[in-house]
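Peer 1: To start, I am sharing the structure in question, which I have written as structure tokens.
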């Protein structure tokens with residue numbers, strides 16, 4: 001038996017000759033390609049550093065979206081200045097939750113896409129609906145290879161008819177749209193609050209920008225209260241159709257919190273009164 | 001002093017080997033579809049709710065598509081695979097036009113879909129697929145497929161989450177199963193006949209409002225696509241949103 005740590009348990013080459021890796025597909029490493037590592041190829045099976053919810057709501061003149069600035073490593077707050085909403089071209093923003101290394105990989109893909117789009121062109125062509133289609137295909141392809149990008153993505157912006165456009169894409173390559181969208185914990189905490197404001201597509205036409213921003217701010221507050229992996233600093237994105245503008249503000253603080261109940265809490269490691 | 005750990009039925013479980021987590025490439029996105037063929041038309045209907053688990057992703061995410069050439073296509077089950085199937089089909093149809101410069105027959109489309117599904121026999125598209133169109137004689141036709149491509153032409157078929165709720169109703173109301181000729185004193189089965197479009201629409205609406213009552217993954221809206229020799233028409237009816 002071979003006692004080399006990388007070949008442990010395999011029949012020894014000296015006695016049995018070179019091992020045939022093609023038998024029963026014994027290894028998922030392509031042996032025809034001489035790789036540096038003898039170690040089996042590994043896929044993301046669980047996210048490492050993660051970002052929590054991204055939330056978004058449609059209002060009569062566009063979309064509001066928000067995501068906080070934290071990257072957590074399990075229960076450790078690993079990153080506290082992580083901007084998870086990125087602008088792609090002039091007409092779209094992308095908010096990404098889930099694994100941060102995969103987020104950064106997607107960031108690079110989108111960067112390449114922008115360079116490709118801008119090259120030799122007098123104007124940008126990349127719209128939000130193109131972007132969401134591209135990302136859906138990327139996510140579906142990776143899930144089909146059993147090597148998913150561990151993210152949930154919300155794409156917001158303007159489509160090719162310059163209408164507000166909103167889409168959610170997950171790690172399985174499933175995509176959908178709705179007047180209110182949220183990823184992760186926000187799906188349980190924020191969505192009911194957001195849907196209270198816009199139950200139907202008709203309610204979207206009645207919701208003002210100020211009201212929509214306030215609703216999103218309230219949701220970020222509730223998420224900070226109840227989602228243990230969230231933070232009180234976040235990015236806020238306002239997409240406005242009438243001015244055809246996308247403004248992305250970072251370092252927004254959660255406001256008007258009430259913590260006076262906290263002094264009455266006993267237990268949980270606090271000395272008993 | 002030793003700590004007393006309350007023993008529940010769960011706490012008694014002892015695992016010696018590590019739990020292996022494996023990525024599951026599938027999910028179930030709920031929803032139901034239904035196709036009925038008439039003498040000179042076919043309808044393909046689907047609810048517009050999309051779910052994962054107990055969450056409603058969207059109240060309006062259409063899943064019945066007019067893919068061109070007077071063909072209606074819907075795949076129901078895992079939405080990722082469903083959209084991929086429809087996209088690949090649309091692309092193949094486009095290339096068929098480039099190569100042959102004629103419309104694809106419904107029967108040929110059905111055979112094409114069989115090959116697309118069976119081509120992924122060992123990593124299947126997790127969907128129940130229904131194709132609706134008109135046959136060579138201009139009669140309405142419905143083709144239904146299982147996830148790996150087994151298919152047959154039928155008069156009607158329900159697919160997806162509430163298929164088992166709707167299908168027996170269809171057997172009775174479209175194919176007149178367990179119905180007798182009222183004049184035969186229960187001796188002769190009721191003779192089958194083509195249903196009129198108005199009757200079919202009413203049946204579809206009844207089927208979906210009942211499925212909405214009994215199945216949590218069905219609801220929000222009903223989109224019915226109707227194909228005739230003059231083209232495709234869409235009707236929308238709201239369903240309960242609870």
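Rule-based calculations on the coordinates, nothing more; no lab input. Since we're looking at a predicted model, the values are computed, not measured. Cβ atoms come from the backbone with ideal geometry, glycine included; neighbour counts cover every protein chain shown.
Peer 1: Which FRET efficiency value, to the nearest 0.05, do you get for residue A:18 and residue A:90 by plugging their Cβ-Cβ distance into 1/(1 + (r/R0)^6) with R0 = 56 Å?
Peer 2: 0.45
Peer 1: Moving on. Once you have the alpha carbon radius of gyration of segment B:53-149, what is it after dividing by 2.2 N^0.38 Å, with N set to its residue count?
Peer 2: The reported ratio for this selection is 1.11.
Peer 1: Give me Rg over Rh for chain A, both radii from the alpha carbons and Rh done the Kirkwood way, two decimal places.
Peer 2: 1.11
Peer 1: Which number comes out as Rg/Rh for the protein assembly as shown once both Rg and the Kirkwood Rh are worked out on C-alpha atoms?
Peer 2: Over the Cα atoms of the protein assembly as shown, Rg/Rh equals 1.03.
Peer 1: Here is a further query. With all distinct Cα pairs included, what does the Kirkwood hydrodynamic radius of segment A:152-249 come out to in Å, to one decimal, could you say?
Peer 2: About 14.5 Å for segment A:152-249.
Peer 1: Which of B:183, B:101, B:76 moves most in a GNM of chain B, Cα contacts under 10 Å?
Peer 2: B:183
Peer 1: Please state, as a whole number in µm²/s, the translational diffusion coefficient that the Stokes-Einstein equation yields for segment A:131-190 at 4 °C and 1.567 mPa s, with Rh defined as the Kirkwood radius across alpha carbon pairs. Don't skip to the answer; put the middle values down first.
Peer 2: Values: Rh = 12.1 Å.
Translational D for this selection: 107 µm²/s.
Peer 1: Given springs between every Cα pair under 10 Å in a Gaussian network model of chain A, which of A:220, A:257, A:48 has the largest fluctuation?
Peer 2: Per the Cα network of chain A with a 10 Å cutoff, A:257 tops the list.
Peer 1: A further question follows. For segment A:100-217, compute Rh as the Kirkwood radius over C-alpha pairs and then the Stokes-Einstein diffusion coefficient at 10 °C and 1.306 mPa s; write the answer in µm²/s, rounded to an integer.
Peer 2: Values: Rh = 15.9 Å.
The estimated diffusion coefficient comes to 100 µm²/s.
Peer 1: With 10 angstrom as the radius, rank B:69, A:202, A:111 by how many other C-beta atoms surround their C-beta, starting from the fewest.
Peer 2: If I rank by nearby Cβ atoms, fewest first, I get A:202, A:111, B:69.
Peer 1: Quick check on the exposure proxy: order B:141, A:219 from fewest to most C-beta atoms within 10 angstrom.
Peer 2: The order, fewest Cβ neighbours first, is B:141, A:219.
Peer 1: Assuming R0 = 22 Å, can you tell me the calculated FRET efficiency for the pair residue B:136 and residue B:99, based on Cβ-Cβ distance, to the nearest 0.05?
Peer 2: For R0 = 22 Å, the calculated efficiency reads 0.55.
Peer 1: Alpha carbon centre of segment A:238-270 versus segment B:154-182: separation in Å?
Peer 2: Centre-to-centre (Cα) distance: 53 Å.
Peer 1: Could you state the angle between the C-alpha long axis of helix A:100-118 and the longest principal axis of the C-alpha atoms of chain A, as a value from 0 to 90 degrees rounded to the nearest 10?
Peer 2: With rounding to tens, the tilt is 80 degrees.
Peer 1: Another question, then. Could you list B:111, A:229, A:84 so that the one with the fewest beta carbons within 10 Å of its beta carbon is first and the one with the most is last?
Peer 2: B:111, A:229, A:84
Peer 1: If you fit an axis through the alpha-carbon atoms of helix B:79-100 and take the longest principal axis of the Cα set of chain B, what angle between them do you get, 0 to 90°, nearest 10?
Peer 2: With both axes taken from Cα atoms, the answer is about 40 degrees.
Peer 1: Here's something else I'd like to know. Taking the Cα atoms of chain B, what is the range of coordinates along each of the three principal axes, in descending order and whole Å?
Peer 2: 85, 57, 33
Peer 1: Averaged across A:173-181, how many Cβ atoms of other chains sit within 10 Å of each residue's Cβ atom?
Peer 2: Neighbouring Cβ atoms belonging to other protein chains average 6 per residue here.
Peer 1: For chain B, take the longest principal axis of its alpha carbons; what is the angle in degrees between that and the long axis of helix B:163-173, to the nearest 10 within 0 to 90?
Peer 2: Tilt of helix B:163-173: around 30 degrees.
Peer 1: From the helices alone, meaning DSSP H stretches of at least four residues, give me the mean residue ellipticity at 222 nm for chain A, per-run term -39500 (n - 2.57), in deg cm²/dmol to the nearest 500.
Peer 2: So the calculated ellipticity at 222 nm is -9000 deg cm²/dmol.
Peer 1: Could I ask something else about it? Using a Förster radius of 41 Å, what is the FRET efficiency between residue B:187 and residue B:107 based on their Cβ-Cβ separation? Nearest 0.05, please.
Peer 2: 0.65
Peer 1: Now, a different point. Where is the GNM fluctuation largest for chain B (alpha-carbon springs, 10 angstrom cutoff): B:200, B:43, B:218?
Peer 2: B:200
Peer 1: Another one. What is the ratio of the Cα radius of gyration of segment B:140-242 to 2.2 N^0.38 Å, with N the residue count, to two decimals?
Peer 2: Normalised Cα radius of gyration, segment B:140-242: 1.21.
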